[in-house]
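The block underneath contains the structure these notes are about, expressed in structure tokens.
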Amino acid sequence: MAIRVLIVDDSATARAVLSEILESDPSIEVVATASDAYVARDKIVELKPDVVCLDVEMPRMDGITFLKRLMHYMPVPVVMVSSLTQDGARTTLEALEAGAVDFVGKPHSHIYDGVETMREELLSKIKMASRVRVRQHTIDNIQQANMTSLAETTNKILAIGASTGGTEALKDVLMGLPRNAPGTIVVQHMPANFTGPFAERLNGLCAMEVREAKNGDSITPGVALIAPGDYHMVVRRSGARYYVEIGSGEKVSGHRPSADVLFNSVAKIAGTNAIGVILTGMGGDGARGLLTMRNAGSRTIGQDEASCIVYGMPKVAFDLGAVEKQLPLSKIPQGILEFI
């Protein structure tokens with residue numbers, strides 16, 4: 001049965017291009033388009049689409065406001081279509097927090113110029129979104145860590161990999177850790193302009209300091225380093241000092257940054273002194289790297305199916321035997337602290 005999609009965008013050109021892309025796949029049916037939130041609301045009530053493809057900037061009611069109302073009154077999987085500029089990144093992160101499943105970047109110039117770049121990503125994310133079980137979106141109940149600090153600091157390394165749904169999952173994990181938690185290194189699949197604003201957002205919420213990683217940054221307790229978009233991040237060691245190295249190179253497991261690249265380096269450099277966590281995400285990036293970590297003596301945690309937006313990466317890791325302990329998202333911070 002075809003995936004039924006509603007396209008919401010104030011631009012007639014954009015609606016036409018998105019319809020053309022989606023209808024090129026026989027497994028997807030565009031059931032309607034809408035030029036603003038009010039038309040979209042009526043179409044959703046009438047047609048009950050499987051997925052909504054939603055623009056951010058619209059007249060009368062912006063996409064974020066509409067998304068928040070939609071996820072409260074009639075939850076449905078939503079894929080945002082937004083600019084890849086820094087301002088667009090901040091808006092998209094707000095949309096993910098409000099309940100959107102994922103996003104696809106609009107080209108900076110005329111949308112026709114980026115059709116081929118968008119096609120594969122849009123089709124795969126619409127298909128993925130159709131399988132997501134969305135819930136009514138309410139105010140987040142997960143609280144920041146009650147402990148202001150660990151009994152003593154630790155030189156362990158915490159490595160985390162995440163993809164689809166990971167922006168909110170990472171927020172919940174990092175907010176659950178104390179201010180002197182182990183030095184933390186994170187791969188979240190994101191475009192280049194998104195990781196800086198994402199790190200800034202987390203830094204304002206977490207007891208730990210969170211920032212976008214720079215080449216040579218030390219891995220120290222109380223600091224979480226987010227791999228910059230479109231760059232791999234690995235761990236290096238000089239004496240007793242752990243630090244990160246940022247570089248380009250080919251995509252690994254379909255991604256740059258890749259959780260496999262990060263985890264493999266952690267296994268080699270830190271071994272028994274590391275904890276690896278794999279969170280919600282489509283595909284299998286990080287699964288084999290997490291297995292390498294476990295085989296090297298690292299402790300490992302995988303997010304469970306019920307709490308994942310997409311039980312992809314954690315499932316592959318679990319099936320490979322890479323996951324020592326599988327936990328719901330709300331229990332992962334405590335699981336990390338117990339390993340310490």
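The values are calculated or read from the model by the stated rules, or taken from the named source; none is laboratory data. Keep in mind it's a predicted model, so treat the numbers as computed, not measured. Cβ coordinates were reconstructed from backbone atoms using ideal geometry, including for glycine residues, and neighbour counts include every protein chain displayed.
Selection of region 194-213 for residues being assigned to a loop (DSSP other than H, G, I, E, B), over 21 Å from residue 280 (Cα atoms) and in contact with a strand residue (DSSP E or B) (Cβ under 9 Å, 6 or more places away or on another chain) yields 204, 208, 213. Assuming residue 15 fulfils every condition listed in (1) among the charged types (D, E, K, R); (2) out of contact with any helix residue (DSSP H, G or I) (no Cβ under 7 Å at 6 or more places or on another chain); (3) surrounded by fewer than 19 Cβ atoms within 10 Å (Cβ to Cβ) apart from one, which condition is it? The single condition residue 15 does not satisfy is (3).
Here residue 40 fulfils each of the conditions (1) under 23 Å from residue 127 (Cα atoms); (2) part of a loop (DSSP other than H, G, I, E, B) apart from (2).
Of the residues contained in region 254-268, one or more are found to be within 29 Å of residue 326 (Cβ to Cβ), surrounded by fewer than 18 Cβ atoms within 10 Å (Cβ to Cβ) and modelled with pLDDT under 95. Here residue 322 does not qualify as assigned to a helix (DSSP H, G or I) and buried (at least 21 other Cβ atoms within 10 Å of the Cβ). Scanning region 214-223 for residues that are among the hydrophobic types (A, V, I, L, M, F, W, C) and in a loop (DSSP other than H, G, I, E, B) gives a single hit, 219. Name, by its number, the condition in (1) under 16 Å from the mean Cα position of the chain (by Cα); (2) more than 25 Å from residue 172 (Cβ to Cβ); (3) among the aromatic types (Phe, Trp, Tyr) that does not hold for residue 311. Status for residue 311: all satisfied but (2). Residues in region 43-61 that are modelled with pLDDT under 95 and acidic (Asp, Glu) were compared, and the one that is nearest to residue 5 (Cα to Cα) is 55. Scanning region 15-30 for residues that are part of a helix (DSSP H, G or I) and more than 18 Å from residue 60 (Cα to Cα) returns 16, 17, 18, 19, 20, 21, 22, 23.
With respect to the conditions (1) touching a Leu at 6+ places or on another chain (Cβ under 9 Å); (2) free of Cβ contacts under 8 Å to residues at least 12 places away in the same chain, residue 305 lacks only one, and its number is (1).
Within region 180-201, if we keep just the residues that are polar (S, T, N, Q) and within 15 Å of residue 88 (Cα to Cα), the residue that is surrounded by the fewest Cβ atoms within 10 Å (Cβ to Cβ) turns out to be 193. In this structure, residue 200 does not qualify as among the acidic types (Asp, Glu) and more than 16 Å from the chain's Cα centre (by Cα).
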